[in-house]
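Here's the structure, in structure tokens; my notes come after.
The values are calculated or read from the model by the stated rules, or taken from the named source; none is laboratory data. Quick caveat, the model's predicted, so the values are computed rather than measured. In this analysis, Cβ positions are derived from the backbone assuming ideal geometry, glycine residues included, and neighbour counts consider all displayed protein chains. Remember, those area values only see protein heavy atoms, side chains included, never the ligands or the DNA or RNA. Shrake-Rupley method; radii C 1.70, N 1.55, O 1.52, S 1.80 Å.
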Amino acid sequence: MDTPAIAAVRDLLKETLRIVTSDNRVFIGTFVGTDQLLNILLVNTEEYILGSDTPTGRYVGQVMVPWRLIIQIEALCRSHDEQGERREQNGGGLYI
């Protein structure tokens, strides 16, 4: 049986995450796992630079984000309906 922490991470698999790093970058991609060092692995990822004059992103594909650089992680806020299916809450807003 999984601990509550492992179950919470497992529930985030295949969800879109937004990760802010200490070097002023934002990665938005699909969460596919972690390693033993708790680095975060994202696929189909776009990278944005915070504070730049042009807020355009670039596609970086698969990326491993080192845990020591992570300042904040957000995911789509979801709830479960009566059938146990996930659905977005609050218009699909992000939560920490």
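Note on segment 3-33: residues that are within 21 Å of GLY61 (Cβ to Cβ) and in contact with a helix residue (DSSP H, G or I) (Cβ under 7 Å, 6 or more places away or on another chain) total 3. Tallying residues that are open to solvent by 60 Å² or more (accessible area, probe 1.4 Å) and either charged (D, E, K, R) or closer than 12 Å to PRO66 by Cβ (or both) within segment 16-37 yields 6.
Let me spell it out: the conditions are (1) assigned to a loop (DSSP other than H, G, I, E, B); (2) modelled with pLDDT of 95 or more, and ILE71 meets all of them except one. Which number is the exception? So ILE71 meets the others, but not (1).
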